[in-house]
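Here is the structure we will look at.
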Amino acid sequence: MSFVLFGVGALALLFVTVVVIGMLMPQRYEGETQVLLASSAEEVWGALLDHDKHPMTGKMKKSVQARQDENGLPVWTEDMGRGELITVRTVEAERPERMVREMTAKAVPMTSRWEYFLEASGDRCKLTIRGETTIRSGSWLVPIFRVMMVLGGGVKKGFDIQIDMVADSLGIKPERGS
């Protein structure tokens, strides 16, 4: 019986520790990544526009629902399951050089802003993604989510996942710097 109580106590202590650490973590996270892709900027741009194949939530998405465009730019909702809906808006687009997307979550008070920069380099394209994610307080899930985000690779990991999905759909491998 004492072994069970010890186990339950240890799990409770671990949970409280994670929550406290998460509460002490910053609200804002930034990242940047850059790759060279063996495709034209126009091809990469087209792939980025396919939000069903290349969602901002990566492989966590269960489905994507297109919504009415705003100012002629795409808007959609990504369903991550269990009622977690993410709304993504393309807020700026200068084809095929620059795109800005904003993502808003409901269950966790989180917003992200990703900027995509595409630069033609011969028959290849240099793609840079720079962005920030803000995870505000407001739910008991927030501290846990902050810890998971940092342990999972942070904002940059999300960029790398999306780049890998885009490269895969184009049948190429991204060339990452060291």
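Assorted remarks:
- Rounded to 0.05, the FRET efficiency of the residue 69 and residue 168 pair, given R0 = 30 Å and the Cβ-Cβ distance, is 0.65.
- Over 19 Å (Cα to Cα) - which of 61/126; 61/157; 53/173; 53/106; 106/157; 59/126 fall in this group: 61/126; 53/106; 106/157; 59/126
- Spin-label model, residue 59/residue 137: points 7 Å from Cα along the beta carbon direction are separated by 3.5 nm.
- FRET efficiency, 1/(1 + (r/R0)^6) with R0 35 Å, evaluated for residue 106 and residue 5 via beta carbons: 0.40
Laboratory data are not the source of any read-out in this text; all were calculated from the coordinates shown. Predicted, not measured: the structure shown is a model, and the values here were computed from it. Cβ sites come from the backbone with ideal geometry, for glycine too, and all protein chains shown count toward neighbours.
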